[in-house]
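Presented below is the structure to which this report refers.
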């Protein structure tokens with residue numbers, strides 16, 4: 001596990017010493033991703049420089065040092081991630097070339113051997129793992145970037161002043177003297193809608209994220225090429241639907257458990273201490289149960305608890321851990337300890353990111369790092385096996401909506417939105433005696449407007465898009481912004497038969513890589529911990545998409561088949577409870593201990609001076625939230641995380657996409 005950075009010049013004009021100094025300064029910003037080792041490789045004649053920071057997981061000897069050259073010297077790689085199927089790959093390579101020799105047992109060396117045997121493009125199909133790498137081909141004088149199938153590991157790139165830059169995180173790009181950081185207003189609008197910035201966009205105009213399951217090959221003469229896919233979840237889903245699983249439910253349970261066992265087993269290979277996050281939910285409990293079933297010693301498991309019972313999963317996790325006999329560690333954090341993380345978030349996430357579960361994710365990562373260097377996670381189960389509420393009820397909802405002519409649905413929606421959310425709230429106030437005590441927090445007017453928005457949808461993709469939106473009209477909040485197209489708006493998704501399956505697919509290619517996996521990567525890497533995700537083994541994804549929908553979503557409940565595997569290891573009553581997020585009491589914190597911090601970032605003068613947000617709707621939400629009239633916690637958190645990022649970023653020059661804004665000297 002590492003952080004990588006580098007660049008390629010279109011017109012080489014610097015000696016090796018200058019290239020090395022520059023690329024090492026880029027890599028030094030990624031020290032948290034790799035505190036164990038570092039290095040650089042340069043070719044002044046080609047104008048290329050590669051660097052890395054290493055977190056040593058496999059082959060702790062110097063034989064695992066990067067940058068690493070292939071046996072022939074043709075390829076030079078810097079690589080972030082893990083390849084889990086090293087043993088079968090090594091057998092395949094030795095079968096084709098009995099004379100092949102390896103200096104050590106790192107997966108980096110194995111990847112280079114694969115490149116020499118099969119080429120880079122073909123090798124990608126052989127790898128089962130998480131990765132982001134850059135490979136310089138000295139023979140063809142080309143640089144190739146690639147990212148794993150689901151996007152577990154990040155990779156940014158940009159062309160600045162005739163130089164192609166790449167890095168694991170934006171902070172490394174900013175360390176290059178030719179980097180230009182112009183904030184993209186369209187990206188801010190996307191961020192307000194989704195609480196993250198979806199690939200391929202970044203917060204900066206001319207910086208892109210390499211999409212999952214793609215590679216990009218450029219040369220000094222041609223830096224404008226587009227990424228090319230080497231694997232497609234859409235094709236996997238369509239092929240799975242076309243060739244469905246033909247066995248019985250019992251057959252499916254057996255096959256799923258076999259795939260899960262192997263996915264977990266190969267992610268337990270490590271030369272350093274290993275453990276797992278355990279929330280007590282279906283996904284993490286399944287991972288930990290299968291780890292313990294294949295371990296001769298108690299698995300180290302970790303959970304975070306909060307004293308607010310509405311946000312505490314530690315007690316459920318402890319019961320699962322006791323049943324499985326893991327070596328369990330839990331930490332109950334005070335509100336102050338959790339809130340102390342808030343100032344760290346802009347540096348950790350490096351661009352605006354507003355999934356508030358980023359705080360407990362960081363805390364459990366920090367707890368685990370005290371004992372282990374690798375931790376397995378249960379992420380991915382919801383997307384593959386239908387675990388979100390919209391997967392369970394979205395299908396029935398759409399089947400009812402589509403039976404109503406769209407003109408009639410639009411008319412109904414117009415009738416609802418003719419009254420403002422405030423007016424609906426006032427109307428509901430007349431029914432106050434029969435409504436729950438926290439009726440104000442439920443924001444009936446806002447929810448009715450969202451329902452109206454969903455009801456007017458033309459198709460499932462539009463319905464999902466509206467359900468996935470935070471701010472309904474973010475371009476109205478960000479003056480001058482135009483939302484660019486995304487996978488949720490371009491209409492090029494997989495052709496799938498049911499609304500539930502369409503939404504599962506859309507979540508897998510948007511919410512999963514852009515939110516869930518970003519959160520996991522940055523939180524774990526901030527404390528130099530490697531996070532591994534067994535449920536995102538591509539073999540599991542291919543199997544899941546062959547299953548009939550009824551084996552994933554049944555009786556308004558998701559993950560049916562995954563639950564059947566778990567029940568073989570953990571009693572049903574220990575894990576059956578309503579789904580809850582990995583959350584914090586954000587609403588009350590913003591009204592209480594975080595109020596002064598938030599007020600400073602949301603002051604009208606500041607918002608007007610910086611020019612990125614229209615102060616009026618932001619201030620209205622803030623005042624309504626403070627009064628307790630409505631709960632705008634997530635909308636406000638979006639704005640606050642941008643403001644915190646902007647404040648941290650003003651250590652360097654920031655440019656507006658259409659005009660200069662305040663310059664703060666370094």
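The values are calculated or read from the model by the stated rules, or taken from the named source; none is laboratory data. Since the model is a prediction, treat every value here as computed from it, not as a measurement. Cβ: placed from backbone, ideal geometry, glycine included. Neighbour counts: every protein chain shown.
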For residue 24, work out the one condition from (1) under 19 Å from residue 160 (Cβ atoms); (2) surrounded by 20 or more Cβ atoms within 10 Å (Cβ to Cβ) it doesn't fulfil.
(2)
I want to confirm something. Restricting to the range 507-538 and keeping residues that are over 15 Å from the mean Cα position of the chain (by Cα) and closer than 25 Å to residue 488 by Cα, which single residue is surrounded by the fewest Cβ atoms within 10 Å (Cβ to Cβ)?
538
Can you list the helices (runs of 4 or more DSSP H) found entirely within the range 118-217 that contain at least 3 residues being buried (at least 24 other Cβ atoms within 10 Å of the Cβ), touching a residue at least 24 places away in the same chain (Cβ under 8 Å) and not assigned by TED's automatic domain parsing to the domain that holds residue 534?
185-194
Is it the case that residue 429 is modelled with pLDDT of 70 or more, out of contact with any strand residue (DSSP E or B) (no Cβ under 7 Å at 6 or more places or on another chain) and not assigned by TED's automatic domain parsing to the domain that holds residue 560?
no
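Matching residues to (1) on the phi > 0 side of the Ramachandran plot; (2) modelled with pLDDT under 95:
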site	(1), (2)
4	no, no
7	no, no
11	no, yes
15	no, yes
38	no, yes
41	no, no
47	yes, no
Regarding the range 279-292, can at least one residue be identified that is surrounded by 21 or more Cβ atoms within 10 Å (Cβ to Cβ) and farther than 17 Å from residue 566 by Cα?
no
With respect to residue 148, is the statement that it is at pLDDT 95 or above and farther than 30 Å from residue 506 by Cβ true?
no
Out of everything in the range 317-330 that is touching a strand residue (DSSP E or B) at 6+ places or on another chain (Cβ under 9 Å) and farther than 25 Å from residue 258 by Cβ, what residue ends up being surrounded by the most Cβ atoms within 10 Å (Cβ to Cβ)?
317
If residue 563 satisfies all but one of (1) over 21 Å from the mean Cα position of the chain (by Cα); (2) outside the structural domain of residue 359 (by TED's automatic domain parsing); (3) within 30 Å of residue 372 (Cβ to Cβ), what's the number of the condition it fails?
(2)
Counting just the residues of the range 454-470 that are in a loop (DSSP other than H, G, I, E, B) and under 20 Å from the mean Cα position of the chain (by Cα), which one comes out farthest from residue 635 (Cα to Cα)?
468
Mind checking which residues of the range 478-509 are out of contact with any helix residue (DSSP H, G or I) (no Cβ under 6 Å at 6 or more places or on another chain) and farther than 28 Å from residue 148 by Cα?
479
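Here's the yes/no breakdown for (1) part of a helix (DSSP H, G or I); (2) out of contact with any helix residue (DSSP H, G or I) (no Cβ under 7 Å at 6 or more places or on another chain); (3) modelled with pLDDT under 85; (4) not assigned by TED's automatic domain parsing to the domain that holds residue 457:
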| site | (1), (2), (3), (4) |
| --- | --- |
| 368 | yes, yes, no, yes |
| 395 | yes, no, yes, no |
| 400 | yes, yes, yes, no |
| 403 | no, yes, yes, no |
| 407 | yes, yes, yes, no |
| 410 | yes, yes, yes, no |
| 414 | yes, yes, yes, no |
Do we have residue 254 as surrounded by fewer than 19 Cβ atoms within 10 Å (Cβ to Cβ) and over 27 Å from the mean Cα position of the chain (by Cα) here?
yes
Could you check how many residues of the range 489-506 are touching a residue at least 60 places away in the same chain (Cβ under 8 Å) and either surrounded by 23 or more Cβ atoms within 10 Å (Cβ to Cβ) or assigned to a helix (DSSP H, G or I) (or both)?
6
Assess whether residue 87 counts as being over 30 Å from the mean Cα position of the chain (by Cα) and without any contact (Cβ under 8 Å) to a residue 60 or more places away in the chain.
no
Residues within the range 84-100 that are surrounded by 16 or more Cβ atoms within 10 Å (Cβ to Cβ) and not in a loop (DSSP other than H, G, I, E, B), tallied
4
Of residues in the range 568-596 being at pLDDT 95 or above and surrounded by 16 or more Cβ atoms within 10 Å (Cβ to Cβ), the one farthest from residue 641 (Cα to Cα)
569
Listed residues 38, 81, 73, 45; which is surrounded by fewer than 22 Cβ atoms within 10 Å (Cβ to Cβ), assigned by TED's automatic domain parsing to the domain that holds residue 131 and part of a strand (DSSP E or B)?
38
Can you work out which of the residues in the range 314-345 that are touching a residue at least 12 places away in the same chain (Cβ under 8 Å) and part of a loop (DSSP other than H, G, I, E, B) is nearest to residue 524 (Cα to Cα)?
341
For the range 278-313, which positions are part of a strand (DSSP E or B) and within 17 Å of residue 533 (Cβ to Cβ)?
301, 302
Quick one: in the range 221-236, of everything that is part of a loop (DSSP other than H, G, I, E, B) and loosely packed, with under 15 Cβ neighbours inside 10 Å, which residue is modelled with the lowest pLDDT?
224
Is it the case that the range 292-309 has a residue that's more than 29 Å from residue 60 (Cα to Cα), touching a strand residue (DSSP E or B) at 6+ places or on another chain (Cβ under 7 Å) and free of Cβ contacts under 8 Å to residues at least 24 places away in the same chain?
no
Scan the range 248-277 for residues that are in a loop (DSSP other than H, G, I, E, B) and modelled with pLDDT of 95 or more and jot them down.
248, 267, 268
In the range 55-70, residues that are touching a residue at least 60 places away in the same chain (Cβ under 8 Å) and surrounded by fewer than 16 Cβ atoms within 10 Å (Cβ to Cβ) total 1
